[in-house]
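J.: Pasting a structure here, questions to come.
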Amino acid sequence: AGPARRAVLHVPSVVRPGERLAATVAVLDAAANAVREVTGEIELRWERAEEPAFVGALELEHGGALRIELAAPAEGLHRLGLRLTLGEQVLEAESNPLEVSPRAPRILWGDLHGHSAESDGTGTPDGWWRYARDVAALDLAALTDHDHWGLLPLDEHPDRWADNVAAARRAERPGRFLALPGYEWTSWLWGHHHVLYFGDETPLVSSLDEASDTPQELWAALEGLAALVVPHHPAGGPIAVDWRIPPDPRLEPLVEVCSAHGCSEASDAPRAIYSPVPGAWTRDALARGYRLGQIASGDGHDGHPGLAHLGPQYPTGGLAAILAERPTRDEVLTALRARRAYATSGPRAILRFALGSTPMGAELAAPA
């Protein structure tokens, strides 16, 4: 990391009255790398509060971030302010919104698509996971290196795929952080799809294998497993998704609509993806009658999962917001299959959407 240039502060999006919450402080350089060797004084203050919520010393030598436990404020919407004094340098930041409510659904934040130097990214899998969990303060993540892209393709080196799965298991912190094994099924004919595993079985089903080189064959190979397949940068970028093939409703209930490559919603979307293909936008898929929930993820190659939008390399970023009570495999898989999720380009915005009593992602029968 270079010199400290900015501070970031994250809190949960939803907590219950009377709960304790963790505020995570990290210091970044100009490229969004975590600055580890820095000391100073820290002050946290809820907006409109007369007294600070926390005052103390900042020491980041060991992990690149500091978690501070606080009591939840009163019911309602809040933001937490940060002031860091690093010698003569002062850094200030504001947290994402926090809702204190006994009823509001919890929101888990995830980056479900990223790369390390195991394929065409930078850094080690362990370093990627530490940044996602400790610096970006995500609730869940998935490292999805390519099956056959990079210097040492995973489908040619099964020991490296086993190492990636083991790295995910090491990174997990039950109750706090869910680490999902995954990889990118990298088809240059049908579009790129990343595979996420929620169970103990984690086969690498290669896009180069004649038995699994179409989406239908991929879905068939994953049948019965606790897995999801997510098409990404569907409108173009490196390669568009072929929407003439209807997505499998159980294995592919979602589409990644935004990432560091840009937005694939529609041609009039801000920061639209490069090299788009007519008919491949997400709205085109919805117009075909496909029932697809929308998420986003970073697809970052620079080692900054969860914060790809803060670095200078990309026009935007991506995060998946998942409506689930806890970051467990079963609860997250259930929520994603039910499309209880939404996408942002990086900010952790709170979104509430329902039609009467029908929640986000659900199907509602039209009146006769």
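J.: Residues Gly81, Gly87, Gly76, Gly56: which one is of a type in the set (Gly, Ala, Ser), free of Cβ contacts under 8 Å to residues at least 24 places away in the same chain and either surrounded by fewer than 12 Cβ atoms within 10 Å (Cβ to Cβ) or within 30 Å of Arg106 (Cα to Cα) (or both)?
T.: Details: Gly81 fails: free of Cβ contacts under 8 Å to residues at least 24 places away in the same chain; Gly87 fails: free of Cβ contacts under 8 Å to residues at least 24 places away in the same chain; Gly76 fails: free of Cβ contacts under 8 Å to residues at least 24 places away in the same chain.
After applying the criteria, what remains is Gly56.
J.: Same structure, new question: Which residues, counting only those in the stretch 215-240, are assigned to a helix (DSSP H, G or I) and either open to solvent by 40 Å² or more (accessible area, probe 1.4 Å) or acidic (Asp, Glu) (or both)?
T.: Gln216, Glu217, Ala220, Ala221
J.: Mind checking which residues of the stretch 6-40 are open to solvent by 20 Å² or more (accessible area, probe 1.4 Å), modelled with pLDDT of 95 or more and either of a type in the set (Ser, Thr, Tyr) or over 23 Å from the mean Cα position of the chain (by Cα) (or both)?
T.: Within the stretch 6-40, Arg16, Pro17, Gly18, Glu19, Arg20 meet the criteria.
J.: Further question: Condition first: of a type in the set (A, V, I, L, M) and either open to solvent by 10 Å² or more (accessible area, probe 1.4 Å) or not in a strand (DSSP E or B) (or both). Now tell me which residues in the stretch 112-142 satisfy that.
T.: Listed by number, the residues that qualify are Leu112, Ala117, Ala132, Val135, Ala136, Ala137, Leu138.
So that you can scan it fast, the table gives a plain yes or no per residue for (1) assigned to a strand (DSSP E or B); (2) surrounded by 23 or more Cβ atoms within 10 Å (Cβ to Cβ); (3) among the acidic types (Asp, Glu); (4) out of contact with any Pro (no Cβ under 8 Å at 6 or more places or on another chain):
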site	(1), (2), (3), (4)
Val165	no, no, no, no
Gly175	no, no, no, no
Glu184	yes, yes, yes, yes
Val195	yes, yes, no, yes
Gly199	no, no, no, yes
Leu204	no, no, no, no
Ser212	no, no, no, yes
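J.: Right, here's the next one. Spot the failing condition for Ser95; the list is (1) of a type in the set (Ser, Thr, Tyr); (2) surrounded by 16 or more Cβ atoms within 10 Å (Cβ to Cβ); (3) touching a Gly at 6+ places or on another chain (Cβ under 7 Å), and only one is missed.
T.: (3)
J.: Taking the stretch 191-207 as the region of interest, how many residues are touching a residue at least 60 places away in the same chain (Cβ under 8 Å) and over 21 Å from Gly298 (Cβ atoms)?
T.: 2
J.: Within the stretch 69-96, can you find the residues that are of a type in the set (A, V, I, L, M), under 27 Å from the mean Cα position of the chain (by Cα) and farther than 15 Å from Ala7 by Cα?
T.: Leu70, Ala71, Ala72, Leu77
J.: Across the stretch 270-288, what is the total count of residues that are open to solvent by 50 Å² or more (accessible area, probe 1.4 Å), in a loop (DSSP other than H, G, I, E, B) and of a type outside the set (Ser, Thr, Tyr)?
T.: Total meeting the criteria: 6.
J.: Is it the case that Ala321 is out of contact with any Asp or Glu (no Cβ under 9 Å at 6 or more places or on another chain) and within 28 Å of Glu118 (Cα to Cα)?
T.: yes
J.: Let me ask you something else. Which members of the stretch 344-364 meet the condition of being of a type in the set (Gly, Ala, Ser), open to solvent by less than 80 Å² (accessible area, probe 1.4 Å) and out of contact with any His (no Cβ under 7 Å at 6 or more places or on another chain)?
T.: Scanning the stretch 344-364 gives Ala349, Ala354, Gly356, Gly361, Ala362.
J.: Among the residues of the stretch 312-343, count how many are closer than 19 Å to Trp129 by Cβ and open to solvent by 10 Å² or more (accessible area, probe 1.4 Å). Please lay out each step first, then the result.
T.: First, pick out the residues of the stretch 312-343 that are closer than 19 Å to Trp129 by Cβ: 317-320, 322, 327-329, 332.
Then keep just the ones that are open to solvent by 10 Å² or more (accessible area, probe 1.4 Å); that gives 327-329.
Summing the residues that are closer than 19 Å to Trp129 by Cβ and open to solvent by 10 Å² or more (accessible area, probe 1.4 Å) in the stretch 312-343 gives 3.
J.: Checking Trp243 against (1) of a type in the set (A, V, I, L, M, F, W, C); (2) closer than 15 Å to Leu218 by Cα; (3) in a loop (DSSP other than H, G, I, E, B), which test does it fail?
T.: Answer for Trp243: the failing condition is (2).
J.: Could you please give the count of residues in the stretch 263-296 that are without any contact (Cβ under 8 Å) to a residue 40 or more places away in the chain, of a type outside the set (S, T, N, Q) and closer than 19 Å to Arg244 by Cβ?
T.: The number of residues fulfilling the criteria is 7.
The values are calculated or read from the model by the stated rules, or taken from the named source; none is laboratory data. It should be emphasised that the depicted structure is a prediction, and the values quoted were computed from it without experimental measurement. Methodologically, a virtual Cβ is constructed for each residue, glycine included, from the backbone with ideal geometry; neighbour enumeration extends over all protein chains shown. These area figures cover heavy atoms from the full protein model, side chains too; ligands, DNA and RNA do not enter into them. Shrake-Rupley method; radii C 1.70, N 1.55, O 1.52, S 1.80 Å.
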